[in-house]
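The values are calculated or read from the model by the stated rules, or taken from the named source; none is laboratory data. Every value quoted in this text rests on a predicted model; they were computed, and no experiment measured them. Note: ideal-geometry Cβ built from the backbone for every residue, glycine included; neighbour counts use all protein chains shown.
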Amino acid sequence: EAAVTQSPRNKVAVTGGKVTLSCNQTNNHNNMYWYRQDTGHGLRLIHYSYGAGSTEKGDIPDGYKASRPSQENFSLILELATPSQTSVYFCASGDASGWGVYEQYFGPGTRLTVL
Amino acid sequence: GDSVTQTEGLVTLTEGLPVMLNCTYQTIYSNPFLFWYVQHLNESPRLLLKSFTDNKRTEHQGFHATLHKSSSSFHLQKSSAQLSDSALYYCAQAPSGSWQLIFGSGTQLTVMP
């Protein structure tokens, strides 16, 4: 089974500060995704990547940047954090063939609080 | 655009009663892939069921669902709820040819003794 890890697991940031959330996967999946989870909204896609060096905008990219420096690592960057970005963030990975394109494996999540 | 609708935000059941969580979808594509993900408390979402075949029942871990393209539905069912079924359930679709999943807003299922 895919192993996806995230760091930090919890983060408290100040408004206007820079926040970097990191994700690592060890199963050589091509696709990686960043979601945020909010009650009543479900899981919303922020950014995704098809492989090292690529990043694509998801449904709610405003205020976020992403970086995919390698197959294993995918970061989410909040340059100027705002309280509205307080949420739980999940990273996921998935293979790029057959059913694997759609079956996503999620990391444990990062709880971010912006004060 | 493409979307997934889960009409119930909260469902509370007594142990032993049947479970049915509703899921409908909208898509311009004729061959969507439909999924149910489950998320237990303090855990991450994981895949529970998946289907792309019209009118074929798919089953896993006591749950089942049938994709009905005529009604754009993929409802999740179980004959007898267990306490351990308490969790957040997401329905999701992957429109044909897309590498993205579109999630519904989720249904929180609570099973009481």
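Listed conditions (1) within 14 Å of chain B (Cβ to nearest Cβ); (2) of a type outside the set (Ser, Thr, Tyr); (3) without any contact (Cβ under 8 Å) to a residue 60 or more places away in the chain are all met by A:GLN6, apart from (3).
B:GLU59 fulfils the conditions (1) within 12 Å of the chain's Cα centre (by Cα); (2) away from every other protein chain (no Cβ under 11 Å); (3) charged (D, E, K, R); (4) under 29 Å from A:TYR89 (Cα atoms) except for a single criterion, (4).
Taking each residue of the stretch A:30-57 that is at the interface with chain B (Cβ under 7 Å from one of its Cβ atoms) and polar (S, T, N, Q) and looking for partners that are surrounded by fewer than 23 Cβ atoms within 10 Å (Cβ to Cβ) and part of a loop (DSSP other than H, G, I, E, B) with beta-carbon atoms closer than 9 Å, six or more apart or interchain, yields A:ASN31/A:TYR50; A:ASN31/A:GLY51; A:ASN31/A:ASP95; A:ASN31/A:ALA96; A:ASN31/B:TRP99. Looking across the stretch B:81-111, just one residue is exposed (fewer than 13 other Cβ atoms within 10 Å of the Cβ) and touching a Pro at 6+ places or on another chain (Cβ under 7 Å), and that is B:LEU83.
For residues in the stretch A:84-105 being at the interface with another protein chain (Cβ under 9 Å from one of its Cβ atoms), modelled with pLDDT under 95 and outside any helix (DSSP H, G or I), which is nearest to A:MET32 (Cα to Cα)? Looking at the filtered set, the residue picked out is A:GLY94. Can you find even one residue in the stretch A:31-52 that is at pLDDT 95 or above, charged (D, E, K, R) and assigned to a loop (DSSP other than H, G, I, E, B)? No, the stretch A:31-52 has no match at all. In the stretch B:37-52, is there at least one residue being surrounded by 20 or more Cβ atoms within 10 Å (Cβ to Cβ), within 13 Å of another protein chain (Cβ to nearest Cβ), part of a loop (DSSP other than H, G, I, E, B) and in contact (Cβ under 8 Å) with a residue 12 or more places away in the chain? Yes, there is a match, as at least one residue in the stretch B:37-52 is surrounded by 20 or more Cβ atoms within 10 Å (Cβ to Cβ), within 13 Å of another protein chain (Cβ to nearest Cβ), part of a loop (DSSP other than H, G, I, E, B) and in contact (Cβ under 8 Å) with a residue 12 or more places away in the chain.
Among all positions in the stretch A:73-83, there is no residue which is assigned to a loop (DSSP other than H, G, I, E, B) and closer than 27 Å to B:HIS40 by Cα.
To keep it simple, each residue is scored yes or no on (1) among the hydrophobic types (A, V, I, L, M, F, W, C); (2) surrounded by 14 or more Cβ atoms within 10 Å (Cβ to Cβ); (3) at negative phi.
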{"residue": "A:VAL4", "(1), (2), (3)": "yes, yes, yes"}
{"residue": "A:PRO8", "(1), (2), (3)": "no, no, yes"}
{"residue": "A:THR26", "(1), (2), (3)": "no, no, yes"}
{"residue": "A:ARG36", "(1), (2), (3)": "no, yes, yes"}
{"residue": "A:LEU80", "(1), (2), (3)": "yes, no, yes"}
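Per the listing B:PHE33, B:PHE74, the residue uniquely in contact with a helix residue (DSSP H, G or I) (Cβ under 9 Å, 6 or more places away or on another chain), in contact (Cβ under 8 Å) with a residue 12 or more places away in the chain and of a type in the set (A, V, I, L, M, F, W, C) is B:PHE33. Just to be sure before I move on: is A:GLY16 outside any strand (DSSP E or B) and either at pLDDT 95 or above or surrounded by 18 or more Cβ atoms within 10 Å (Cβ to Cβ) (or both) in the structure I sent? Against the criterion (outside any strand (DSSP E or B) and either at pLDDT 95 or above or surrounded by 18 or more Cβ atoms within 10 Å (Cβ to Cβ) (or both)), A:GLY16 qualifies.
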